[in-house]
1. Can you check what the net charge comes to around TRP54, using other residues whose Cβ is under 13 Å from the Cβ of TRP54 (Lys, Arg +1; Asp, Glu -1)?
2. Using a Förster distance of 30 angstrom, determine the FRET efficiency expected from the C-beta separation of ILE49 and THR4, and round it to 0.05.
3. For ASP17, which sequence-distant residues (separation of 5 or more, or a different chain) have an amide H within less than 5 Å of its own amide H, given hydrogens modelled in the peptide plane?
4. Using the Cβ atoms and a cut-off under 12 Å, what net charge is assigned to the surroundings of LEU14, where Lys and Arg are +1 and Asp and Glu are -1?
5. Arrange CYS67, CYS28 by Cβ neighbour counts within 10 Å, fewest through most, would you?
6. Tell me, what ³J(HN,Hα) does each residue in the range 8-24 have, in order and in whole Hz, if you take phi through Karplus 6.51 cos²θ - 1.76 cosθ + 1.60 with θ = phi - 60° and put x for Gly and Pro?
7. Name all residues of the range 74-89 having a backbone nitrogen under 18 Å from the label point set 7 Å from the Cα of ARG31 along its Cα→Cβ direction, giving them as ranges.
8. Could you compute the FRET efficiency for ARG86 and VAL111, with r as their C-beta to C-beta distance and R0 at 30 Å, rounded to 0.05?
Amino acid sequence: MNGTLNKVILIGHLGDDVKIHYFENGNCIGRFPLATNEVYINKTTNEKITSTEWHNIVVRNKAAEVCEKYLSKGDRIYIEGRIRTRQWTSDDGTSKQTVEIMATEFTFLDVKRNADHKDNQSAFDQQKKEDVNNFVIPKENNDDDLPF
C-alpha cells in the first residue's frame, strides 16, 4: 500500500465554453476553465468578500464531446477528478508548467429551459439525460493511480 490519494471534488461555473481538439487517431481532448467562489465577511470592516479560484479542467474522448455538446459559459457543474501537473517547452524555448484537473466523473447541475421551445427542449433534455446516463469514463489501467 502506497498510502496516497489524488482526488479532487469541485462544484463551480464554467468560465468559457468547452474547447475541444481532435487528434489523428480519432481521440479528442476538451478543456475549460472552472471558477469556484469563497464568500466571507471581513471582521474588521464587516465587508462581504468574494474570492474566486480558477481551475483548468480536462476531459477526454466521449466525455469531451458530451461536455462540448451540453455545456456553455456560466453553467454549473459537479466534477470529480485528479490533479495533474504538466510541463512543456514553449516555442520561444521557455519552460512552462500548468496544473490541471483530469475529470473522471461529472454531473451537469444547470437545467436549461426555454418557454418558446418547450417540446424541443424536452427532446433536448431527454437526449442529454440519455447521453449523460449512458456515459462512463473508462478507468485507465495504471497501478500508480490506485490509492492502495
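Bear in mind these aren't lab numbers, they're just calculated from the coordinates by the rules spelled out. Nothing here was measured: the structure is a model prediction, and the numbers come from that model. Quick reminder, even Gly has a Cβ in these numbers, built from the backbone with ideal geometry, and neighbours come from all protein chains shown.
1. Values: positive: ARG31; negative: ASP16, GLU38, GLU53, GLU100.
Here the count lands on -3.
2. On the way: r = 34 Å, r/R0 = 1.13.
E(calc), rounded to 0.05, equals 0.35.
3. When sequence neighbours closer than 5 places are left aside, the close amide H contacts are LYS73.
4. Values: positive: LYS19, ARG31, LYS73, ARG76; negative: ASP16, ASP17, GLU68, ASP75, ASP110.
With Lys, Arg at +1 and Asp, Glu at -1, the neighbours total -1.
5. Numbers: CYS67 24, CYS28 17.
Starting with the residue having the fewest Cβ neighbours, the order is CYS28, CYS67.
6. 10, 10, 10, 10, x, 10, 5, x, 6, 5, 5, 9, 10, 10, 9, 9, 4
7. In the range 74-89, the label zone of ARG31 (backbone N under 18 Å from the point 7 Å along Cα→Cβ) covers 82-89.
8. On the way: r = 33 Å, r/R0 = 1.12.
FRET efficiency, ARG86 to VAL111: 0.35.
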